[in-house]
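*Asks:* Dumping the structure here so I can ask a few things about it.
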Amino acid sequence: MKKNKIIFWIATSIIFALEALMPLATLLFAHEYFNAGTKPLGYPDYFAYALIVCKILGATAIMLPKLPVKLKEWAYAGLTFNLIFAAISHIAVDQVIANIVMPIVVGIVLSVSYVYSQKINHKSKTI
């Protein structure tokens, strides 16, 4: 049980850092780069703002232990869709391998977080 919680919190903290803290820091401290990931793909600036807000909300939702499970499920789903479509966008537009691999790797870490959250929740319900 303790091993499961450690793995969950490490994976979830990585997701929170990548999907919430980094975009927020970019928006606050390096505003000129807020659309650096979306502009080259042809997305408008307002899309970058919406994406940042949704990523912050989703990553925060999976970090908060007392949130309802259904809300966390939606947060995991939203973050997963974001990463899938990021990879697809890079495949379709710029074909830079590093830009394609990064969302896939983050998606794997997100999957680890999800699987271990399920293990933790399942164990706590049976006890």
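A short reminder: the numbers here are calculations on the coordinates, not readings from a lab. Nothing here was measured: the structure is a model prediction, and the numbers come from that model. Cβ coordinates were reconstructed from backbone atoms using ideal geometry, including for glycine residues, and neighbour counts include every protein chain displayed.
*Asks:* Enumerate by residue number the trypsin sites (Lys or Arg not before Pro) in segment 6-91 meeting two conditions: DSSP loop (anything except H, G, I, E, B), and at most 11 other Cβ atoms within 10 Å of the site's Cβ. Please list the in-between numbers first.
*Replies:* Working: sites: Lys55, Lys66, Lys70, Lys72; in loops: Lys66.
In loop regions of segment 6-91 (DSSP not H, G, I, E or B), the sparsely surrounded trypsin sites (Lys or Arg not before Pro) are Lys66.
*Asks:* Want the number for Ile84 to His122: 0.36 nm per residue separation, take away the alpha-carbon distance, what's left?
*Replies:* On the way: separation 38, 0.36 × 38 = 13.68 nm, distance 2.68 nm.
This chain segment gains 11.0 nm when fully extended.
*Asks:* For segment 3-43, state the average projected area of the convex hull of the C-alpha atoms over all orientations, rounded to one decimal in nm². Mind dumping the intermediate values first?
*Replies:* Values: hull surface 14.0 nm².
Spelled out: convex hull of the Cα atoms, projected over all directions, averaged, 3.5 nm².
*Asks:* Quick check: residue separation of Val93 and Tyr49 times 0.36 nm, minus the Cα distance between them. What number comes out in nm?
*Replies:* Working: separation 44, 0.36 × 44 = 15.84 nm, distance 2.06 nm.
Value of the extension gain: 13.8 nm.
*Asks:* Whole Å is fine, so just give me how far the alpha carbon centre of segment 70-127 lies from that of segment 1-69.
*Replies:* Segment 70-127 and segment 1-69 have Cα centres spaced 11 Å from each other.
*Asks:* Could you tell me the extents of segment 2-126's C-alpha atoms along the three principal axes, largest first, rounded to whole Å?
*Replies:* Computed over the Cα atoms, the extents are 49, 29, 21 Å.
*Asks:* Counting only pairs 8 or more places apart or on different chains, how many lysine pairs in segment 2-126 have C-alpha atoms closer than 18 Å?
*Replies:* Lysine pairs, 8 or more places apart or on different chains, close enough: 23.
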